[in-house]
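Everything on this sheet refers to the single structure shown next.
Read-outs throughout are calculated quantities, based only on the coordinates presented, and are distinct from any laboratory measurement. Owing to the predicted nature of the structure, the values given are computational and were not obtained by experimental measurement. All Cβ positions, glycine included, derive from the backbone under ideal geometry; neighbour counts span all protein chains shown.
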Amino acid sequence: MSYQSRVSMLILLDSLIVLTSIYVGYYTLNPYFNIYNFNMLTISSITLLASHHLFAFRYRLYQRAWEYASVGEMIGIVRAVTLSILAAGLIQLLVNGNVYVRVLGITWMLHIILIGGSRFSWRMFRDSYINSQIENKRALIIGAGSAGSMLVRQLKKSNDSDLYPVAFVDDDPKKQRLQIYGVTVFGKTKDIPKLVEELNVEKIIIAIPSLNKKEIQKIYQECSKTTATTKIMPMIEDIVSGKVSVNQFREVQVEDLLGRDPVQLDIDSISKTVTGNTILVTGAGGSIGSEICRQVSRFKPKKLLLLGHGENSIYQIDMELQNKHGKDFEIIPIIADIQDRDRIFEVMSVHAPDVVYHAAAHKHVPLMEDNPKEAVKNNVIGTKNVAEAADMFGVTTFVLVSSDKAVNPTNVMGSTKRIAEMVIQKLDKESQTNFVAVRFGNVLGSRGSVIPLFKNQIQNGGPVTVTHPDMTRYFMTIPEASRLVMQAGALARGGEIFVLDMGEPVKIVDLAKNLIKLSGYNLDEIGIKYAGIRPGEKMYEELLGENEVHKKEVFPKIFIGKTVEFDYERVANLIENHQSFNGDYLSQYVLGLANKKERLLVKNVN
């Protein structure tokens, strides 16, 4: 029905209601015909009819969507009716010198009952009959607060949604058995599996946008025991701002199940480090490097240098940033290999960066076990080249992206990262540049991480391969990792190794199970196969060694490891002579300092 047709129909309906109300009111009190009173009644009717339509337009009664009618719409009706009755009474007083108070009182009541009833009867018809004809999926709403209530109201009124709410779940004991918009709070989080089965629920909606990660993880553990699909309601701020609607749900992400909230940034200190300065990011085309570039761009540097070895990845991040920030600051793509010392020194000389975020590295553990010389050349010699160039050309801050595998390393990759840390710690003692390192856990979704591998295996029908049922890892998101790098640069005083409080380690097999569930499958459809621990892998990772632990936070959830003394002279000699031997000798040196017990454990498990 068009807008004009809808308004015309409402005007006609209201006209009939207005005339019916005043004549019924008159004849209720004056059943005998009186021509004088009848003439006054006619004048009153015309006045009431005209004033009603005037005030109806004034309070937009013809523009309201009555299928969503509530208290606000009822207040509009009462105002319009009351003012039109007062207008009729004024006319009676002016023409007749008397007001038919009782007649107008009855008319007022009938007017409100019939006008309101006509509107709300449509809403009731729509809710009880029209919506019942649509075969919607039965939904369980977790959270009976303001967000959950808003969601239920929207779902029950929307023609676009394929969900019908049948129950609430809320851990607040005061809300148990209460009804909200006709939907009952049937239980608590622990009751989710039972309610899903009893009520034939097909969808579960988490409608508590303020939940922290640990609470989401707890709720999802219960949801994962069911066959229902779980989704999350968007943030209230996004709904209010119009970015999304109430019923635009997002999927539960692996990141939601890490059991901790992301680390927040100290915006002021980072702004002082980045804004108006020249920033160089090595490995700018990689997962971490490209995200560092995106985060840096928020702070409007003077110049952003995108350095990488792969032309395609550098082209992609360059195009992305040029489109978003090309008018705000200068963005320069640089194709260079960090192993090419002369080229790196040339870049530093020409552009004179203020801050260097060194993210270029070989990071795949099994590949580096088979190619130790390449790991040394890239992770050690490459880092040494970039760091010494930073020292020579007066870089203010140099941040090395390291790894938790550098702690008691049992593999080539971790060993080369530990040596890279030694290189910058040694330089920091001699240089005006502040050299610091940041140790990461595993980064979700980065190239070569388990998430893309698991997703690919799931898409291919499984099974998902997990090395060992007891293997654990620390995890963080790509944006979180990049923020930690920038925060380390802002906190840098020289020589520190920064680590993030990453909560409790996560079992790889639990991660695989969650990902299978999030992909819409169950474990019977996509199996899990244990492939055995690969060369160089640990059963668990550490962020700091026992002799490095410094428990005091320097920033919320960020810690600094103590500087550990090491024999750098021997390392330096091995680095200088790296061309004359198979490069894994450097790794063997650090392995000699590592926890051999862990390496033996790996062999015994397999």
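At-a-glance table
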| item | result |
| --- | --- |
| Simple label model, 7 Å out from Cα along Cβ direction - ASP328 to ASN96, nm | 7.2 nm |
| Burial order of peptide ranges 107-113, 422-428 (average beta-carbon count within 10 Å, highest first) | 422-428, 107-113 |
| Neighbour-count ranking [beta-carbon atoms within 10 angstrom, fewest first] of CYS223, CYS293 | CYS223, CYS293 |
| Residues LYS218, LYS429, sorted so that the one with the fewest Cβ neighbours within 10 Å comes first | LYS429, LYS218 |
| Taking ILE75, ILE314 and counting other C-beta atoms within 10 Å, the order from fewest to most | ILE75, ILE314 |
| Cross-link pairs beyond the 27 Å C-alpha cut-off, checked among LYS218/LYS405; LYS194/LYS517; LYS175/LYS214; LYS377/LYS426; LYS218/LYS517 | LYS218/LYS405 |
| Rounded, prolate or oblate (a/c below 1.5 giving rounded, otherwise prolate when a/b exceeds b/c) for region 154-226 by Cα gyration tensor | rounded |
